[in-house]
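**Student:** Handing you this structure, nothing more for now.
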Amino acid sequence: MKKPVSAGAMPFPFMEDCLKTALITVFCIHFLLPVSVYGKPAWIDSPSSTYSEHAYLAAAGGGKSRAAAENAAKINLAAIFKQSVSGTVTITDTEHQRGGKTVLNSNVYSQIIETATALDTLIGVEIKETWNGGKDGWWALAVMDKARGCERYTGELNKIINEIERLVPDGLPALETVKHCDKARLLLADAEVYALILNVIGGGNRQPEIARLAAKVEKTRALAQAMPVDLRISGDLNGRLKAAFAGALSALGLNTGNANARYTLDIDFRLHAAPQNKFYNTRYTLNAVLADSASGTALFTWNVADRQSHPASQQEADNRAILGALRKIEEEFPVLLETYLDSH
């Protein structure tokens, strides 16, 4: 006698086995097998087939992992800009400081773009597509929306231009102008690259504007450097202190000389024999005042005092005091003066 079929059970056991097999097969196809069974996407060989060249810049890249493929895609997209950079004559070839190293503007392009290729530094770059090709590795598509890129790079470039105009205004230069021009040079390096990128993505040709601004910066800096500082020092027995101050000013881009200069640096150095204990002691005072003779205004004041000792003689203690003052001039004075110039 046949057993009654329970509610919800398959009337034929083999049908239940077939259904299980079908479900497992579908799961494997959709979730376990590599996507390559569906065919390679067209955007790998032709990014513009998916993202129109009229509205987008796009580049594909491959790698063993998804992260490697995404990075390769960004590198290939940045290479589009790098090609434009390499064929462009830079605005100036003046050496300047960037990141603590002396570089030429002609190298700054490559430095910025090279950095951008390894990181997501290029504004508006997004990974829009990825594809797992199984044993053939991963692929990714990096895309920049030209309209959004133009808007954002135009904004960044305008901010830089406004800052350069603030640093280097029209009119006669002042003592702090040299430092301001050096800052402007660094900003111009970024501005040049932004202008080139805008040119590539259809944001207009801003390079003539940057060139005019660069010429203004260089002309203004030259005028400022032609305004020397007159060093006037008392108590300097052998000229070593004056030479140290001149070197400190030179490191900041300032020249010295010309008794009729608009700017003066008045320095007073004095040695004082201090009470002896087991050693000979010398106390020194060093006062420096940077002034604008045109307005009669003291711009920057620096005062330092210290004591040095020596067991042999008072003269040796004096020599140590002079060496201590020289170290202060070389190490402390230019830092404080540069801070003043940067803040004005």
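**Student:** Using only C-alpha atoms and all pairs of different ones, pull out the Kirkwood radius for the stretch 229-342 in Å with one decimal.
**Tutor:** 14.8 Å is the Kirkwood radius here.
**Student:** Give me the extension gain from Asp306 to Leu336: residue separation times 0.36 nm, minus the current Cα-Cα distance, reported in nm with one decimal.
**Tutor:** 9.0 nm
**Student:** Starting from the amide H of Thr256, placed 1.01 Å from N in the peptide plane, find each other amide H under 5 Å away whose residue is 5 or more places distant or on another chain.
**Tutor:** When sequence neighbours closer than 5 places are left aside, the close amide H contacts are Val229.
**Student:** A further question on this structure: How long is the gain from Ser48 to Arg270 if the chain were fully straight, where each residue apart is worth 0.36 nm and the alpha carbon distance is subtracted?
**Tutor:** Going from the current span to full extension adds 72.3 nm.
**Student:** Further question on the same structure: Compute the Cα gyration tensor for the stretch 113-231, then decide on rounded, prolate or oblate, letting a ≥ b ≥ c be the square roots of its eigenvalues: rounded whenever a/c is under 1.5, prolate when a/b is larger than b/c in the other cases, and oblate in all that remain.
**Tutor:** Cα axes put the stretch 113-231 in the prolate bin.
**Student:** Okay, moving on. Sum up the charges of everything whose Cβ sits under 13 Å from the Cβ of Ala298, counting Lys and Arg as +1 and Asp and Glu as -1, but leave Ala298 out.
**Tutor:** -2
No value in this document is a laboratory result; all are computed from the given coordinates. These figures come from a predicted structure and were not determined experimentally. Cβ coordinates were reconstructed from backbone atoms using ideal geometry, including for glycine residues, and neighbour counts include every protein chain displayed.
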